[in-house]
Every structure is written in C-alpha cells, then in structure tokens.
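The values are calculated or read from the model by the stated rules, or taken from the named source; none is laboratory data. Predicted model only: the values in this text are computed from it and were never measured. Here the Cβ is made from the backbone with ideal geometry for all residues, glycine too, and neighbour counts use every protein chain on show. For accessibility, only protein heavy atoms count, side chains too; no ligands or nucleic acids. Shrake-Rupley method; radii C 1.70, N 1.55, O 1.52, S 1.80 Å.
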Amino acid sequence: MHLFRTVEKIKYHLVQQRKQGLSIGFVPTMGALHQGHLSLVKASLERNDLTVSSIFVNPTQFNEQKDLEKYPRTTSKDIDKLLRVGCHVIFFPEVEEIYPPGTTIKLPFTFENSSLTKVMEGRFRPGHFDGVAQVVYRLLDIVEPHRLYMGQKDYQQVQVVQSMIDQAGLTIDLEVCPIIREKDGLAMSSRNRRLDETLRPKAGIIHQTLNWTKETIQSYSLVELKARALKMLTIDGFNPEYLEIVDSNTLQPITDYSAHNEIVVCTAVWVGQVRLIDNLVIKF
Ligand code: AMP
C-alpha cells in the first residue's frame with residue numbers, strides 16, 4: 001500500500017499507474033471510517049485495478065465551526081482499516097495541500113440556478129454543497145479516477161456531485177453504493193460515535209420511521225404522512241429538522257406520489273447534539 005500526503009507525490013505515482021493502463025477507482029472520505037466507507041472501497045476493489053481512498057476533513061463544507069472541530073479524527077486506525085481491506089493508495093493531505101494559500105480553484109460549474117442545492121441539506125446547511133463540490137472537484141483533478149464511489153447515505157450529495165460531473169464534462173462514472181446500517185437500522189455514520197449513550201438505543205427510530213413512511217404511503221395524503229412521520233421522530237432527545245418526500249432525480253418535494261416512478265424520503269434529525277441524516281428510496 002502507498003500512503004501519500006502531497007499532491008505532487010500522489011499525482012506522480014498515479015501517472016505511472018495510468019501509463020500501464022490500470023483502471024482507477026476513487027473513494028473520498030472524511031475519515032473515522034466504518035463499514036459503510038469500507039463497502040465503497042470493496043466495491044471499487046472489485047471493478048478497478050487500483051483503488052485510491054482519501055482521508056480529508058474538508059473545512060469548506062462545514063457551515064458551523066464547532067461541527068468541524070468536533071468531527072472525529074482517527075487517522076492511524078483509518079489507515080489500518082484501509083490496509084486490511086486491501087486499498088492500494090491512501091491520500092491523506094493537509095488542508096494547505098488541497099487549498100494552497102493564495103490560490104483560488106477555478107470551478108467550471110455553478111449551483112446558483114440549480115434547485116438541487118436549495119432544498120433539504122442545502123437549505124439547512126448554507127454553503128455546504130459549494131464546499132462539497134469544491135473539494136470533490138479538487139480531489140478528482142488530483143486522482144483522475146475512472147470511477148468515483150459514493151454512498152446513497154448522502155443522497156443529495158450524490159445528485160449534486162453528478163450534476164457537477166455533468167457540468168464540468170468529466171468522463172468519470174459515479175457509482176452509488178447502498179447504505180450500510182447497524183443491526184437496529186441506524187445508518188452507519190462517523191457521527192454516531194458522538195451519540196449520547198442514553199439516546200443511541202433509541203436511534204433506530206429514524207430507519208423505522210422511513211420504513212413506516214414507505215409502507216403507509218398509499219394510506220394517507222402526503223401532507224398527513226409527513227406530519228405523522230415527523231411526530232414519530234419527535235421523541236425525547238430527538239428533534240427532526242426536516243423530513244421530505246421528494247422526486248429522486250429533481251429532489252423537489254412531491255405533491256402526488258402516483259406521478260413519480262421513484263421517490264425518496266430524506267430526513268435530518270438532531271439526536272441530542274448530533275445531527276444525523278438518512279433516507280429511503282421508494283420505487284413504484
Ligand atoms: P464521509 O466520510 O461521511 O464524507 O463519507 C464518505 C463516503 O462514504 C460518502 O460517499 C458517504 O456517502 C459514504 N458513506 C457514509 N456512510 C455510509 C453508510 N452508512 N453506507 C454507505 N456509504 C456510506
């Protein structure tokens with residue numbers, strides 16, 4: 001396994017690999033790795049000659065400084081996990097490598113007129129997707145992969161990154177991997193380790209509520225369904241920020257489910273001081 005901390009060194013290494021005709025799969029992460037992240041690495045290992053994973057807590061996608069400071073950092077354990085799963089190349093840069101002081105990255109895309117970034121996470125975390133798109137674009141420019149692996153866990157992020165790839169005219173296939181969950185249905189997340197121990201046993205309610213929404217979608221009006229789902233999530237210590245039933249491509253809230261082939265129920269819930277997101281796709 002190769003570990004790189006500078007742009008220059010990883011670029012040089014990957015140029016050599018590409019010259020030999022090797023296909024490259026790329027898994028960007030912010031570390032504190034769990035089985036969800038590793039499932040992306042495994043998916044990449046299956047289809048590509050070379051798998052590259054990055055560990056970089058991107059400051060520009062945090063809309064709250066406190067959240068950035070509290071983000072778990074477990075790098076040596078992360079490297080160990082990537083090593084054991086068979087990842088070939090790890091990129092673990094300092095902030096200055098990604099954003100060299102005094103330089104600005106020119107971005108060949110904009111979300112100014114895009115409705116994708118105005119709803120849900122975009123609405124409650126202003127600037128978040130600009131930061132995500134900026135770092136993903138920068139990382140793709142460094143790694144130049146053939147395939148990019150991301151999780152359905154961040155459903156809106158996947159759509160935003162696909163839009164970025166399209167707008168920038170990049171020839172990269174975005175592969176979306178299913179959500180890996182704990183036994184009680186809680187979606188694995190680096191933030192779960194910060195959950196209050198009295199609240200953690202109740203956190204399965206998030207997945208239960210999404211399942212309930214899916215199962216009962218034909219029994220209530222969408223307004224009633226949403227109200228009931230939000231109520232289910234409002235238990236002691238839990239505070240849902242939103243629960244939206246949206247078209248899976250446009251991400252806009254729907255008014256009539258029978259007019260859509262595929263919808264997705266997305267939610268963000270504060271569990272004590274920790275904000276968790278989850279979603280469930282419903283196909284008709
Ligand atoms: P993060 O480190 O949170 O930025 O996540 C890195 C990648 O792992 C993103 O593409 C996430 O969508 C994906 N990911 C995070 N949690 C999960 C999960 N529970 N199942 C599948 N993929 C996940």
Point to revise | Diffusion coefficient, µm² s⁻¹, Stokes-Einstein with Kirkwood Rh over alpha-carbon pairs of segment 2-147 at 20 °C and 1.002 mPa s | key: 132
Review point. Taking θ as phi - 60°, what are the ³J(HN,Hα) couplings along segment 164-177 by the Karplus curve (6.51, -1.76, 1.60), each to the nearest whole Hz, with x for Gly and Pro?
Key: 5, 4, 5, 5, 7, x, 7, 9, 10, 8, 8, 9, 9, 9
Study note, to complete from the structure: Rounded to one decimal in Å, the inverse mean reciprocal Cα-Cα distance for segment 148-201, i.e. its Kirkwood radius, is 13.1
Practice item. Quick one: grab Rg to one decimal and Dmax as a whole number for the chain, Cα atoms only, in Å. Key: 19.2, 58
Study note, to complete from the structure: Taking N as the number of residues in segment 88-145, the ratio of its alpha carbon radius of gyration to 2.2 N^0.38 Å works out to 1.31
Check your understanding: With the contact rule set at Cα under 8 Å and sequence spacing of 6 or more, what percent relative contact order holds for the chain?
Key -> 18
Practice item. Please report the Cα spread of segment 136-231 along all three principal axes, rounded to whole Å, starting with the longest. Key: 44, 36, 17
Review point. Based solely on its DSSP helices, what 222 nm [θ] is calculated for the chain when runs of n ≥ 4 H residues each add -39,500 (n - 2.57) and the sum is averaged over all residues, nearest 500 deg cm²/dmol?
Key: -11000 deg cm²/dmol
Practice item. Would you list which aspartates and glutamates come within 16 Å of residue 70, measuring only between C-alpha atoms, while excluding same-chain residues fewer than 8 positions from it? Key: 196
Study note, to complete from the structure: Ordering 184-190, 102-108, 67-73, 143-149 by per-residue average of other C-beta atoms within 10 angstrom, highest first, gives 143-149, 184-190, 67-73, 102-108
**Study point:** Viscosity 1.002 mPa s, temperature 20 °C, Stokes-Einstein D of segment 190-283 from Kirkwood C-alpha radius, µm²/s
**Key:** 157
Check your understanding: For segment 1-56, what Kirkwood radius comes out of the mean inverse Cα-Cα distance, in Å?
Key -> 12.0
Exercise for review: Please give the per residue accessible area of segment 190-283, computed with a probe of 1.4 Å over protein heavy atoms only, in Å².
Suggested key: 49
